[in-house]
Amino acid sequence: MAGVYKLTIEYDGSKYSGWQTQVNARTVQGELQRVADEIFGVETDIHGAGRTDSGVHALGQVAHLKVRNPLRKFSCGQLLRELNDRLPSSIAVIACEDAPGRFHARHDAVSRTYFYQYSTRKTALSKRFVWWIKEPLDIAKMQAAAAMIAGRHDFVQFRAKDPSRPEESTVVVVNTAEVGVDGDMVVFRIEASHFLWKMVRRLAGTLAKVGLGEVSVEQFAALIEGQKAAGTDIAAWTAPGSGLFLESVQY
């Protein structure tokens, strides 16, 4: 008999090599797997809705936890306490729900929302969670460029090739994309059914170049349609992982 739980997780990704389990690397999934195996006394199955990269954070990552023939049984309330008692302080399970047997955190998700934080000033308390850009940003130009992202586009210029998905289409339908300002913070938020590897960080990096006046809104428009623009090096412009958060997953 198998039990299936839907977990909502927040984490500070600063000290992790991303979400996904890797050999000889500390990851968020690896920490959850280790603790869950200890709690249930058997090997468990954990998969997340989004594979966040090294240094990337989450406010609302969703994972399924499947346990077959557990040595111990727990209610959601008990499991929540057990997980949080044993997990490192940088990982918190903020919700636990019983889920149907066929629930899959990644396959069943209909969309994911990320946001990226640029700081316009030096910050002592949140430096791990922002990208500090020292030069002035033209917010209006960034907003005009971000407004072009929503819709169906070929994001081939913004993806890194994923060895695990060599045949993956580079066409993505983006539900919403916008740039807003909150005090000293500039925030880029984007929602889509899925994302290509490093797509959000490369969009964030290129939007910063638009704000700095190094890429025109017209050049950005061409890039969004899959066209290579002269003088652009999007891979080199990939924004640091520190400013990126997986905000929520929709089902």
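General observations
- Only one entry in Ile133, Ile139, Ile149 is closer than 27 Å to Ser193 by Cβ, touching a residue at least 12 places away in the same chain (Cβ under 8 Å) and open to solvent by less than 70 Å² (accessible area, probe 1.4 Å), namely Ile149.
- Checking Lys198 against (1) under 17 Å from Met148 (Cβ atoms); (2) in contact with an Asp or Glu (Cβ under 8 Å, 6 or more places away or on another chain), the condition it does not meet: (1)
- Looking at the stretch 154-251, the strands (runs of 3 or more DSSP E) lying wholly inside it that each contain 1 or more residues that are of a type in the set (A, V, I, L, M, F, W, C), open to solvent by 50 Å² or more (accessible area, probe 1.4 Å) and under 28 Å from Leu125 (Cα atoms) sit at 171-182.
- Residue check, Ser89 among the hydroxyl-bearing types (Ser, Thr, Tyr) and over 18 Å from Phe245 (Cα atoms): no
- Val179, sole failed condition from (1) in contact with a strand residue (DSSP E or B) (Cβ under 8 Å, 6 or more places away or on another chain); (2) closer than 19 Å to Lys228 by Cα: (2)
- If you go through the stretch 75-87 and keep only what is in contact with a helix residue (DSSP H, G or I) (Cβ under 7 Å, 6 or more places away or on another chain) and open to solvent by 30 Å² or more (accessible area, probe 1.4 Å), you end up with Glu82, Arg86.
- Restricting the stretch 93-121 to residues that are assigned to a strand (DSSP E or B) and more than 28 Å from Val179 (Cα to Cα), the residue that is least open to solvent (accessible area, probe 1.4 Å) is Val93.
- When the criteria are applied in full, Gly226 meets the requirement of being of a type in the set (Gly, Ala, Ser) and touching a residue at least 24 places away in the same chain (Cβ under 8 Å).
- Within the span defined as the stretch 196-208, every residue fails to be more than 22 Å from the chain's Cα centre (by Cα) and not hydroxyl-bearing (Ser, Thr, Tyr).
- Positions within the stretch 120-149 being over 19 Å from Gly213 (Cβ atoms) and of a type in the set (Gly, Ala, Ser), in sequence order: Ala124, Ser126
- Test: residue in the stretch 95-105 that is farther than 26 Å from Trp197 by Cβ, touching a residue at least 24 places away in the same chain (Cβ under 8 Å) and among the aromatic types (Phe, Trp, Tyr): no
- Boolean, Leu125 is hydrophobic (A, V, I, L, M, F, W, C), outside any helix (DSSP H, G or I), at pLDDT below 95 and in contact with a Gly (Cβ under 7 Å, 6 or more places away or on another chain): no
The values are calculated or read from the model by the stated rules, or taken from the named source; none is laboratory data. Note that this is a predicted model, so its numbers are computed, not measured. Ideal geometry is used to build each Cβ from the backbone, glycine not excepted, and the neighbour counts take in all protein chains shown. Remember, those area values only see protein heavy atoms, side chains included, never the ligands or the DNA or RNA. Shrake-Rupley method; radii C 1.70, N 1.55, O 1.52, S 1.80 Å.
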